[in-house]
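Just below is one structure, and these are the notes that go with it.
The values are calculated or read from the model by the stated rules, or taken from the named source; none is laboratory data. If you're wondering where the values come from, they're calculated on a predicted model, not measured in any experiment. FYI the Cβ positions are ideal-geometry reconstructions off the backbone, even for glycines, and counts take in every protein chain you see.
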Amino acid sequence: MVLLTRVSKRYSGRPHPALEDVSLHVPPGQFVYLTGPSGAGKTTLLRLLFAAEAPSSGLVRVGGADLGRISSRQVPLLRRKVGVIFQDFKLMPLRSVFENVALALHVAGRGPNGLNGRVSEMLAQVGLADKAQVRAGELSGGEQQRVAVARALVGRPPLLLADEPTGNLDPGTATEVMRLLLQAHAQGSTILVATHDPKLLDLVEGARVVHLQAGRLLEHP
């Protein structure tokens, strides 16, 4: 599902690379925690996987596609297969909760048949059925994170990337978000969760843990 081979990422004006000589293979169906302190390169690695960034060197493959070679026209096709939970939500604050979640299906080319039902089902799963017509910007931070989770999961993507999905949440909401990720994993999604919270690591039995330190990747035993 995911393959990085000797990947480095450098930004102009920065003395040290964000990622340096990173190699990682994630087979389909695996649940992976990507750990490390702030600034270790976790977000950069995830951004490479949905083609928001291009590697400075090395090979990045997702679902068989070489992300260093795909054209700009092919990027939307890739993103139809990848769900992303952003650290800062990236919701449309003036649009309703329903519209924010439905957008993921529109982007994936899903027609109107079944769209309303699938969005309503997903909002019920995250406990926001009664907020469907509320503007996203009027929700609490925890509610906005649940909308972001629903948007990422509604299309049942084969690959799900989560960047600090519980970073700003109370313990109860954080546990609920992890329950939803586990549910998606049980349904077959490959999942990468970037986190600096060690308490999350015990919530997924058998999860793989890899650690980033100053842009370099270390595998936990």
Filter the stretch 1-54 down to the residues that are without any contact (Cβ under 8 Å) to a residue 12 or more places away in the chain, part of a loop (DSSP other than H, G, I, E, B) and under 18 Å from residue 70 (Cβ atoms) and list them by number. 52
Since residue 190 meets every condition but one in (1) out of contact with any Leu (no Cβ under 6 Å at 6 or more places or on another chain); (2) among the hydroxyl-bearing types (Ser, Thr, Tyr); (3) within 30 Å of residue 211 (Cβ to Cβ), which condition does it not meet? (1)
Anything in the stretch 55-91 that is in a loop (DSSP other than H, G, I, E, B), touching a residue at least 40 places away in the same chain (Cβ under 8 Å) and over 19 Å from the mean Cα position of the chain (by Cα)? List them, or say none. 56
In the stretch 5-17, the residues that are of a type outside the set (Lys, Arg) and at pLDDT below 95: 11, 12, 13, 15, 16, 17
If we scan the stretch 149-156, do we find a residue that is more than 12 Å from the chain's Cα centre (by Cα), more than 22 Å from residue 43 (Cα to Cα), in contact (Cβ under 8 Å) with a residue 12 or more places away in the chain and not in a loop (DSSP other than H, G, I, E, B)? no
With the structure loaded, tell me whether residue 28 is exposed (fewer than 14 other Cβ atoms within 10 Å of the Cβ) and either among the hydrophobic types (A, V, I, L, M, F, W, C) or under 17 Å from residue 207 (Cβ atoms) (or both) or whether it fails that test. yes
Go over the candidates 119, 177 one by one and state the one that is aliphatic (A, V, I, L, M), more than 30 Å from residue 44 (Cβ to Cβ) and either in contact (Cβ under 8 Å) with a residue 60 or more places away in the chain or in a helix (DSSP H, G or I) (or both). 119
Has the stretch 115-131 got any residue that is surrounded by 16 or more Cβ atoms within 10 Å (Cβ to Cβ), modelled with pLDDT under 90 and closer than 23 Å to residue 49 by Cβ? no
Applying the selection to the stretch 184-204, what residues are modelled with pLDDT of 90 or more and of a type outside the set (A, V, I, L, M)? 185, 187, 188, 189, 190, 195
Log entry, pairs with first residue in the stretch 122-147 being closer than 23 Å to residue 163 by Cα, second being of a type in the set (Asp, Glu), beta carbons closer than 7 Å, six or more apart or on different chains, reads 128/143; 142/170
